[in-house]
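Chemist: I am attaching a structure below and will ask some questions about it afterwards.
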Amino acid sequence: MRRPSPFAALSLFASVALSCVASAQSEPNQGLSAAQAAAARNQTATPRPDPIRPPMPIIDVEFPGGSVQEFVSAIQKAASQSSAKTPVNVMVPSEAADVPLPAVSLKRVSAETALQTLRHAFGNHGPFQLRSDNMTSDGDEGLTFALQFSKQFSGVPQQVTMHQPAVSQAYSLRGLLIAPAELDQNDSGLRLSADAVLGALKLASELEATDATVAPTQLLYHEDTKLLIARGTPDQHRLIEGVIEQITATLLQRRAEVAQAQDRSRSDEMQILDLESQGQAIRAQFDRARSELGPATAEVKRLEQLVASGAGGQGDLERAKAQLQIAETNVGAAEAQMAIAQRRREILRTGNAGSHHVPKAEKVVVVYDVRDLANFKRDFMDLVKQVIGPDGKMDVVPASGDSTGSLVVKAGRDRQEILVNIFNTARRLKANEPKLPGATLDQLIQKSPKE
């Protein structure tokens, strides 16, 4: 029996392999109609054209350090000077523009890679997170990127928040806008205007919503009922309650001081009235003593004449002299009591009563550095004008590193206390740090220039 030729075996193996390949290629189209199978074959046979994208610039970047916006500008400048010269458009969130970056050195990298390095600028657990998304579409002649910015609080990105439903709630502002009936209604230090309160709440609401995923709180004020209608999340309502509570605490402190001074003043007035009543009684005693003194004196003189002529007794004369001495003593005592009562009245009227007079709050000068609130500076300035009223003064002066200037405010301590509370709340909201320590009024006064 002849052994098969190796070439014949090789031919057989090739035939089996080709049949297997053909069978494998036909399996994906099993169960399809003839039209669908033909469309699938045509799709496989006709390759898609490559997307038309602008050329990616290859650049060198030597960034000495600065803000995110400055780093983006350095990339754009390097791209314009590259051989590709492709424009690079970058959308930078306003809250990320001034975030500082360390020095960066990049050699022969694409513009996209340069922007992607922002992801590692602060580490995985740093205070900020940045990433770049390529938004370029087919047919664009320039490259477009969008930066995504977020802050981290206690290691958790800010965007990771639970959805909170918006609810409406009413707040009475009557206690802030109207002083208690027993206090002077014309004293502007005992109440605030509706614009001042609404300005504080509006500023806090806008700051709270800067980096949040919810809309700012909706605020509506009804003048007739002095009611504020607010619509927002439970967290936003807690913020409103906190601001109102801080403003109320400052006003209550001032009102308590005024009320105590008024109580002391009323007490002094009552004492003066009591002294005047006592003075009238003492004057009556004095008049009675004076009326008794005249007859006693005349009686002594009469008896002295009788004794001298031998017609009177010495005993009667001695008794008359004793009565005269008693009358003189009563007059002297009454005069002394009237002098003491008069002195007490003078002390109460010119001394203690004067010290209980309610003075206007001491005016102090405070410089508010609002560089970290640059986007809300105008709102803060409007709020200051509402809070300090016509008796206060506000100037804008240049500060080191601040081309827009800081706010120099001269107003009463009570109004400055309100502004300091709002200022600290605004900075905590902007930094997303609820426990960020705030400056006290005395600390800000010490840092302020002396007049």
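Chemist: Tell me which of these G312 doesn't satisfy, since it passes every other one: (1) assigned to a helix (DSSP H, G or I); (2) in contact with a Leu (Cβ under 6 Å, 6 or more places away or on another chain).
Modeler: (1)
Chemist: Let me ask something additional. Look through the stretch 116-140, keep the residues that are under 28 Å from the mean Cα position of the chain (by Cα) and surrounded by 17 or more Cβ atoms within 10 Å (Cβ to Cβ), and return whichever of them is modelled with the lowest pLDDT.
Modeler: F128
Chemist: Can you tell me which residue is surrounded by the fewest Cβ atoms within 10 Å (Cβ to Cβ) among those in the stretch 52-81 that are in a loop (DSSP other than H, G, I, E, B) and in contact with a helix residue (DSSP H, G or I) (Cβ under 8 Å, 6 or more places away or on another chain)?
Modeler: Checking each candidate, the answer is M56.
Chemist: So, of the residues in the stretch 82-123 that are in a loop (DSSP other than H, G, I, E, B) and of a type in the set (A, V, I, L, M), which turns out to be nearest to G142 (Cα to Cα)?
Modeler: For the stretch 82-123, the residue satisfying everything is A84.
Chemist: Evaluate the following for E276: is it among the acidic types (D, E) and not assigned by TED's automatic domain parsing to the domain that holds R345?
Modeler: no
Chemist: Yes or no: D274 part of a helix (DSSP H, G or I), at negative phi and modelled with pLDDT of 85 or more?
Modeler: No: the conditions fail for D274.
Chemist: Okay, moving on. Is it the case that some residue within the stretch 208-222 is assigned to a helix (DSSP H, G or I), surrounded by 14 or more Cβ atoms within 10 Å (Cβ to Cβ) and not assigned by TED's automatic domain parsing to the domain that holds T425?
Modeler: Of all residues in the stretch 208-222, those assigned to a helix (DSSP H, G or I) come to 208.
From what's left, surrounded by 14 or more Cβ atoms within 10 Å (Cβ to Cβ): 208.
From the residues that got through so far, the ones that are not assigned by TED's automatic domain parsing to the domain that holds T425 too are 208.
Looking for residues that are assigned to a helix (DSSP H, G or I), surrounded by 14 or more Cβ atoms within 10 Å (Cβ to Cβ) and not assigned by TED's automatic domain parsing to the domain that holds T425, one finds at least one in the stretch 208-222, hence yes.
Chemist: May I pose another question? List the number of the failed condition for G354; all other conditions in (1) assigned to a helix (DSSP H, G or I); (2) at pLDDT below 70; (3) in contact with an Asp or Glu (Cβ under 8 Å, 6 or more places away or on another chain) hold.
Modeler: Among (1) assigned to a helix (DSSP H, G or I); (2) at pLDDT below 70; (3) in contact with an Asp or Glu (Cβ under 8 Å, 6 or more places away or on another chain), the lone unmet condition for G354 is (3).
Chemist: Looking at the stretch 246-270 only, could you name the residues that are surrounded by fewer than 16 Cβ atoms within 10 Å (Cβ to Cβ), closer than 17 Å to E346 by Cβ and either touching a helix residue (DSSP H, G or I) at 6+ places or on another chain (Cβ under 8 Å) or at pLDDT 85 or above (or both)?
Modeler: Residue satisfying the conditions is E269 alone.
Chemist: Filter the stretch 153-202 for residues that are at pLDDT below 80 and under 17 Å from R231 (Cβ atoms) and give the result.
Modeler: Correct list: H163, Q164, P165.
The values are calculated or read from the model by the stated rules, or taken from the named source; none is laboratory data. Predicted model, so just to flag it, every value in this text is computed and none were measured. All Cβ positions, glycine included, derive from the backbone under ideal geometry; neighbour counts span all protein chains shown.
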